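Data block below; observations after.
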Amino acid sequence: MEPRDVAAGLGEGTESTDRLFSALWAPIGSAAVKAARLRPGVHVLDACCGSGASAIPAAEQVSPHGVIDAVDLAESSLERGRAKAAIRGLSNVRFVHGDVLDWPAPPGGYDAVVCSLGISSFPDVAAGTERLLRLVRPGGRLTLAIWSQNALEPLPELIHRAVVPERPSLADVPRPANPLQPIGTPRLFRDWLAARSLSFVDVRYVPLAVPGDPDVLWSWVSGTSFGGLLDGLPVAAVERVRRRFTQHLLAEGRDTIDFSALVGTGTVRRVAPPRSPRSARSLPAVGRPIEPVPQVG
């Protein structure tokens with residue numbers, strides 16, 4: 001999902017943004033692609049692709065004839081993704097501006113859909129996931145990455161405390177949290193995916209610790225949905241929030257922050273064609289064959 005288009009005072013393409021990509025987005029994106037087991041020649045949708053953390057390795061894996069449709073709403077991220085693909089000489093990945101919840105399926109459906117850390121941004125996570133499933137052909141695979149249950153702490157609390165002085169009305173509002181925390185264990189995520197009518201469900205835990213660098217973590221805050229708390233604030237107010245966030249983070253004394261994820265995969269079930277009723281003649285004989293009745297007289 002990295003990152004949203006509004007950077008809230010943080011310039012795109014800065015050193016901290018690049019460091020965050022290398023430390024966070026790229027490892028999880030690569031883990032998602034590995035779990036997806038993409039074959040050369042397949043057609044893949046990378047939903048909420050950001051700047052290519054999963055789209056780039058996916059394009060390398062399906063080359064030379066496979067195609068990746070990398071779709072995101074953040075045009076600045078798409079531009080960086082196109083630049084990365086050009087540097088690597090990848091012509092089989094298309095970074096396209098669009099909403100994956102309105103994205104059309106190709107004829108027959110995609111062979112695979114990958115969404116790395118993107119479903120948490122859907123207004124309705126379950127409905128959005130069902131929408132992605134409808135883009136996959138029967139027998140194709142869906143791969144989703146989400147934050148694990150204890151990931152991100154204490155960042156939501158720290159950003160909330162830093163914003164409240166600028167927006168006192170938030171003081172009595174519950175702090176933002178990981179919306180997928182209720183399914184943030186391997187067992188719960190596996191059950192949730194199985195309830196989506198997926199078969200051969202597999203969930204892998206991806207441990208990941210990111211250095212507790214205030215600049216890098218501010219890049220994460222402002223570039224994800226948590227940065228929505230900063231929307232509409234004057235530049236000076238955003239800078240004050242950033243200073244408070246840095247002070248709170250340093251006071252925690254943490255060398256690293258847990259950004260571990262879960263990567264779940266499953267196969268879209270094939271729909272068996274309806275069976276036509278058998279005629280009486282096609283029924284196999286049971287028991288001994290009937291012998292002709294002998295003529296009498």
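The values are calculated or read from the model by the stated rules, or taken from the named source; none is laboratory data. For clarity, every value in this text was computed on a predicted model and none was experimentally measured. Backbone-built Cβ (ideal geometry, glycine too); neighbour counts: all protein chains shown. Remember, those area values only see protein heavy atoms, side chains included, never the ligands or the DNA or RNA. Shrake-Rupley method; radii C 1.70, N 1.55, O 1.52, S 1.80 Å.
With both bridge residues required to lie in the chain, what share of the DSSP beta bridges run antiparallel, to the nearest 5%? Don't jump to the answer; show the numbers that get you there.
Values: 17 of 36 bridges.
Rounded to the nearest five, the antiparallel share is 45 percent.
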(message) Quick one: 3J(HN,Hα) in Hz for the range 91-97, Karplus 6.51/-1.76/1.60 with θ = phi - 60°, rounded, Gly and Pro as x.
(response) 9, 9, 10, 10, 8, 10, 6
(message) Probe radius 1.4 Å, ligands and nucleic acids ignored: give me the carbon and sulfur share of the accessible area of the chain as a rounded percent.
(response) 56 percent
(message) How compact is the chain by the rule of thumb for globular proteins, expressed as Cα Rg over 2.2 N^0.38 Å?
(response) 1.31
(request) Calculate one ³J(HN,Hα) per residue across the range 38-52 by plugging θ = phi - 60° into the Karplus curve 6.51 cos²θ - 1.76 cosθ + 1.60, and present them in order as whole Hz with x for glycine and proline. (result) 6, 9, x, x, 7, 9, 10, 9, 9, 8, 6, 6, x, 9, x
(request) Report ³J(HN,Hα) in whole Hz for each residue of the range 203-208, in order, from the Karplus equation J = 6.51 cos²θ - 1.76 cosθ + 1.60 where θ = phi - 60°; Gly and Pro get x. (result) 10, 10, 8, 10, x, 7
(request) Determine how large the accessible area of Leu188 is when every protein chain is in place; take a 1.4 Å probe and give Å² rounded to the nearest 10. (result) 50 Å²
(request) Once you've got the GNM for the chain with C-alpha springs shorter than 10 Å, pick whichever of Leu78, Leu135, Leu249 has the biggest mean-square fluctuation. (result) Leu249
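Using only DSSP helix segments of four residues or longer, with each worth -39500 (n - 2.57), what per-residue ellipticity at 222 nm results for the chain after dividing by its residue count and rounding to 500?
Details: 9 runs with 93 residues, N = 297.
Estimated from H runs of four or more residues: -9500 deg cm²/dmol.
Assuming 0.36 nm per residue, please report the length gained on full extension of the stretch Asp215 to Ala83 beyond their Cα-Cα distance. Walk me through the numbers before you get to the answer.
Details: separation 132, 0.36 × 132 = 47.52 nm, distance 2.39 nm.
That works out to 45.1 nm of additional length.
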(request) Please work out how much accessible surface Glu75 shows to a 1.4 Å probe, ignoring ligands, DNA and RNA, in Å² rounded to 10. (result) 60 Å²
(request) Work out the length of the dipole vector of the range 115-167 about its Cα centre, built from +1 on the beta-carbon of each Lys and Arg and -1 on the beta-carbon of each Asp and Glu, and round it to the nearest 20 debye. (result) 320 debye
(message) I'd like the per residue volume of the convex hull spanned by the Cα atoms of the range 1-146, given in cubic angstrom.
(response) 98 Å³
(request) List the residues of the range 187-220 whose backbone N lies under 18 Å from a point placed 7 Å from the Cα of Arg269 along the Cα-to-Cβ direction. (result) 190-202
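Where only protein heavy atoms count, and the probe is 1.4 Å, what is the accessible area per residue for the range 122-188 in Å²? Before the final figure, lay out each step's value.
Numbers: 2900 Å² over 67 residues.
Roughly 43 Å² per residue, with all protein chains present.
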